[in-house]
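The structure appears right after this line, and notes come after that.
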Amino acid sequence: MNRKLVYMDAKSSKFWNIDLTGSSFTVTYGRTGSDGQSSTKSFPTDEVAKKEADKLVKEKLGKGYVDAEAAVSDGAGSAGETNVLIPLIAFSSINRREDIGENAGTFIGKRVVDYDMEKPVRADVVYRFRTDWENDELIPNLEHFLANDAALSTMALVIGAWHGDDSERTPEELIQSLTSKKDRLPNLAAIYVGDITSEENEISWIHQCDLSPLLAAFPKLQLLRSRGGMGLELKSPEHENLRALAIETGGLDVGVIRSICTSNFPNLEYLELWLGTDEYGANHNVADLQPILSGKLFPKLKYLGLRNSHLADEIAGVVVNSPMIGRIETLDFSLGMLTDEGARALLKLPASPTLKKLNLHFNYISADLIKQLKALPLTVDASKPSDMEEDDEWRFVAVGE
């Protein structure tokens, strides 16, 4: 038995491999891109070794590791262009409530560093471009990078704070800079617009704009992730190759949901929506999500995240009857206000040949219901349950302001 697992989130990108031969196995683990560390253990019999190996694999899967998906290249195109499939796990970013207050440390499995035009350009990192209160270097840094031939092979970019001392500034100017020089980014496959911490700007105060020009400009785009819901739009929601769409908000406007529900994303595998609360702009209801839950959209969807939602109980009551349960691999209700009412509904999830994981991190579920949920035939993450003693009026989504 040889098993290769990987783990990626906003902070880290790790691998864990186990090679079982007879009555011993070797485990190799470490940061992605490194040689890692290895250790070998021997056991009295082959059967005991197999049992211990299976136990370790199960533990890793329970912690969020998944089987490695090898990057696939379909060969070179003109001017050194390549088409590389990003592993599905690399689309996830913020997995835990405690991740929210920090800038992304990794993106699509690579380390994120701030671009500095005084330093040599590296190929092993993802660059973040941002401004601060004193120096508005975002556009100059971005244009400097695009003039470098390294831009021709870059697969991912992260856009951080763009507002500087103008709290109402949107990223429209930088999006125009990117799209006007799209020929300098022929391999762009992933972009994160809004890697902004609460110290820089609260999520519900971030002014966004129409992000669909990015979809039109970059035909190889596989992942579009954004943060901030104020002014957010997707006026032309179509892209032949987009595999992942992730929208982080403290309150998602119904107009964005309706755009997604009328979109043309035939290859979408990953949909992550932070629905938020009406206190911070959420003006949708469960019926607005029905086109997604009907199963008629996104035939290739493997991950559905309806996160950070004050409507989690209502959505749970509907999703258990969704045809999508028979197709997706992960159902994610984390960071929300799911209570025992919603948990009881999820206990009725039908048997599915594909569903492997239920993410309920940071919700309002009692210990008894968590125990019952963990008896389901899938991996259930119910870590960091919120204080059940709080009155209903004081319950909150993980990310609001």
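The values are calculated or read from the model by the stated rules, or taken from the named source; none is laboratory data. No experiment lies behind these values; they were computed from the predicted model shown. For neighbour counting, all protein chains shown are included, and Cβ atoms are generated from backbone atoms with ideal geometry for every residue, glycine included.
Cβ-Cβ distances below 8 Å connect the following pairs, each with a first residue in segment 98-110 that is in contact (Cβ under 8 Å) with a residue 12 or more places away in the chain, a second residue that is part of a helix (DSSP H, G or I), and a separation of six or more residues or different chains: 108/90; 108/91; 109/90.
The single condition among (1) closer than 20 Å to residue 246 by Cβ; (2) over 18 Å from the mean Cα position of the chain (by Cα) that residue 294 does not meet is (1). Filtered by the rule that a residue be closer than 23 Å to residue 401 by Cα and either out of contact with any Pro (no Cβ under 9 Å at 6 or more places or on another chain) or not assigned by TED's automatic domain parsing to the domain that holds residue 107 (or both), segment 183-205 gives 192, 195, 196, 197, 198, 199, 200, 201, 202, 203, 204, 205. Residues of segment 133-152 include none that is in a loop (DSSP other than H, G, I, E, B), touching an Asp or Glu at 6+ places or on another chain (Cβ under 9 Å), among the polar types (S, T, N, Q) and closer than 30 Å to residue 400 by Cα. Of the residues that make up segment 340-357, is at least one within 20 Å of the chain's Cα centre (by Cα), in a loop (DSSP other than H, G, I, E, B) and under 25 Å from residue 277 (Cβ atoms)? So far as segment 340-357 goes, no, none of its residues is within 20 Å of the chain's Cα centre (by Cα), in a loop (DSSP other than H, G, I, E, B) and under 25 Å from residue 277 (Cβ atoms).
Per this entry, residue 224 is not counted among residues that are closer than 18 Å to residue 130 by Cα and in a helix (DSSP H, G or I).
Within segment 233-257, the set of residues being under 18 Å from the mean Cα position of the chain (by Cα) and in a loop (DSSP other than H, G, I, E, B) comprises 241, 242, 243, 249, 250, 252.
Would you say residue 192 is closer than 15 Å to residue 228 by Cβ, crowded, with 20+ Cβ neighbours inside 10 Å, at pLDDT 95 or above and among the aromatic types (Phe, Trp, Tyr)? Answer is yes for this residue. Scan segment 108-124 and give yes if some residue there is crowded, with 19+ Cβ neighbours inside 10 Å, touching a Ser or Thr at 6+ places or on another chain (Cβ under 7 Å) and assigned to a helix (DSSP H, G or I), otherwise no. No, the conditions are met nowhere in segment 108-124.
Results for (1) in the same structural domain as residue 337 (by TED's automatic domain parsing); (2) over 27 Å from residue 229 (Cβ atoms); (3) of a type in the set (A, V, I, L, M), shown as yes or no for each residue.
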| residue | (1), (2), (3) |
| --- | --- |
| 111 | yes, yes, no |
| 131 | yes, no, no |
| 136 | yes, no, no |
| 144 | yes, yes, no |
| 160 | yes, no, no |
| 163 | yes, no, no |
| 175 | yes, no, yes |
| 179 | yes, no, no |
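Let's see how each residue does on (1) surrounded by 16 or more Cβ atoms within 10 Å (Cβ to Cβ); (2) outside the structural domain of residue 101 (by TED's automatic domain parsing); (3) closer than 28 Å to residue 254 by Cβ:
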| position | (1), (2), (3) |
| --- | --- |
| 297 | yes, no, yes |
| 321 | no, no, yes |
| 333 | yes, no, yes |
| 336 | yes, no, yes |
| 385 | yes, no, no |
| 399 | yes, yes, yes |
